[in-house]
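Input: a single structure, listed below in C-alpha cells.
Any read-out appearing in this document is the output of simple, stated calculations on the displayed coordinates, not a laboratory observation. These numbers were taken from a predicted model, which means no experiment stands behind them. We place every Cβ from the backbone using ideal geometry, glycine too, and count neighbours over all the protein chains shown.
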Amino acid sequence: MQRGTLALRITVILVGSFVLLQLVVFALTSQAGPAPRSGVASLPSVDQMRAMVDLIEAAPSAQRVADVTAFDGALYHVRVERGPLPPSVESAQGMSIGRIYSSGMLGRRLSVTGRVVRFPRLARLNPWPGWISNPLAVHVALSGNSPTMLSIESQPSEPVLVVLRQRAALLGLGGIAALVALAFAVRATTRPIVRLARDIRTYRGEPASPDLVAVGSPELRDLAQAYNEMKGRIAELIAERTRVLAAIAHDMRTYITRIRLRAEFIDDVGQRERAVRDLDEMAALLDDTLLLARAEARVDKSRRRLDLAAELRRMVEIRREMGDTVSLSLAVEQAPVVAAPLAIRRILSNLVDNALRHGTQVVLTLCEDDGRWRIDVKDDGPGVPDDRLGSLGEPFGRIDPSRDRSAGGGAGLGLAIVRALVAAEEGKISFANRSDGGFVVSIWIMPPTSGASM
C-alpha cells in the first residue's frame, strides 16, 4: 500500500485501535487491588498464604512435598524447598510487600526476592508477571528439625503456562488471520475507487468508452452509476457540439462561395485580392475549428497501421519541393503505429508550418524513447517565454498578437489541433525552448500491440 492512500489510512486506524484497546485492557487488569490483604503481584492473599503454611506444617515432613501440589496449578507456583531463607531484595517495593504478608502472619520469618517493577507508581506495587525470568517470590520459613521453607512465586504453574501458551498461539494466529482478512477487505473497498479515479483521469469523451462496473458497497455502486451517467451526458454534449459546428461550417461555406463570386466584380484589383484572401482565411478558420471539434470528439474511424518514418520522409520531400528548409534525422528505419493517417499528416504539417512561421529552418527527428516513438520538431526561431509554455495548445490561444496568418499569428488553432489529434491517438505532447536557441515540440506515440489490425 502506498503512503497516504485510503487503504493505508483505514488499516492504520483499525490496527491502531486494536493495539490501543489491548493496552487499555492490559493496564486495567495489571493494577493491584486497593486492599493489601487481597494479595499482590499475582500472589495469594495473606489469609490464603497463612492457611497454606499451617496445612503444610501440620503434615509430616515426608508428605509435605506431595501435599504442596494441591496448592499448585493457579497463577502462582508453590513448592517446598530445603535450606535457610534467602535474603530479601533491598528495595522499597520488596520491603512493602514483605510488610503486607508479615502483618498477617505474626511470628513467621519470611523474605521477598525476585525482579522489582521498574515503574512502581504506575504499577501500584504490582510488578510485571515475571513469566520470563527471576519472578517475584515470597519465602516463608517452616517449623521442623531441618530448615525448610514454603516458596510461592508470582509465576503460573506449568499446567497454566501450557494453557496460556496455547491461547497465546491461537490469539496470534487469529490476529494474523484478522490482519489478512482486513487487508483483503480494505483492498476490495478501495479498488473501485482507484478504478474510478483511473477512468476519470483517462476519459476524454469517447462515446464508445466502457462504463464503470458498479461493484462494492451501495455508496460505491451509486458513485459508479453517477459517473456513467455523467460520462454519457458529456459524450452527448461533445457529439452535439460537433454536429452544430459541422452545420455552421457547411452553411458558412455556402455564403463564402457566394461572396467570393461577388468579389470578382470589384473593379479595384488590390481590393479584390484582399477580399479573396480574407475569404480564404475565413474558410481555413472554419476548417480548423471543425477539425478541432472532431479531434476532441474522436469521430475519426480511419485508424490503420502505418510507418512514422515513411510519413516523415514523405513530409520532408514535399516540403523541400515547396522550397522549405526542412531536414530529417532518423534513429530508426521503421516506426510502426496504429493511427489515422490524416491525423498524423495534419499533426506533422501543422508543426512544420508553425516552426517555419517563426524560424528559417526546421529539423525533424525520430527515435525510440522508453518504449514509445518520439518525434521532435525543432526550429531556430526566438522561442516562447517560459511563463507562456503552459498555455500553448489552448484553443484560440496565441503568443503572437497578430491574427494575420502570414504574420505568424493565425487564429490560434494550429497547436490546439495538434494537441487534440495527439490525444486522440493516445499520445503525449510537450513544448520547450532549446538550450542553444529555438523551439522544440516533442510527440510520443505508442507502437502497436501484438495483434493490432492492419
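Got a sec to turn the phi values of the range 360-369 into Karplus ³J(HN,Hα) couplings, 6.51 cos²θ - 1.76 cosθ + 1.60 with θ = phi - 60°, whole Hz, x for Gly and Pro?
9, 8, 10, 10, 9, 10, 9, 8, 9, 9
Could you check the simple spin-label distance between Ala214 and Glu321, using points 7 Å along Cα→Cβ, in nm with one decimal?
Distance between label points: 5.7 nm.
Amide H to amide H, which residues 5 or more places from Leu142 or on other chains are under 5 Å from it, using H placed in the peptide plane?
Thr148, Met149, Leu150
Whole angstrom only: what separates the Cα centroid of the range 332-387 from the Cα centroid of the range 158-228?
Each part reduced to its Cα centre gives a spacing of 45 Å.
Given R₀ = 56 Å, what would the calculated FRET efficiency be for Ala141 paired with Ala226, taking r from the Cβ atoms and rounding to 0.05? If you can, show how the numbers build up before the last one.
Working: r = 82 Å, r/R0 = 1.46.
So the FRET efficiency works out to roughly 0.10.
What full-extension length gain, to one decimal in nm, is calculated for Leu23 and Ala263 as 0.36 nm per residue of separation minus the Cα-Cα distance? Could you put the intermediate results ahead of the total?
Numbers: separation 240, 0.36 × 240 = 86.40 nm, distance 9.20 nm.
Taking Leu23 through Ala263 to full extension adds about 77.2 nm, to one decimal.
What FRET efficiency comes out for Ala181 versus Val160 if R0 is 30 angstrom and r is the Cβ-Cβ distance? Round to the nearest 0.05. Let's see the in-between values first.
Numbers: r = 31 Å, r/R0 = 1.03.
The computed FRET efficiency comes out at 0.45.
Which GluC sites (Glu not before Pro) does the range 255-289 hold that lie in a coil by DSSP with at most 13 other beta carbons within 10 Å?
Working: sites: Glu264, Glu273, Glu281; in loops: Glu264.
Listed in order of number, the matching sites are Glu264.
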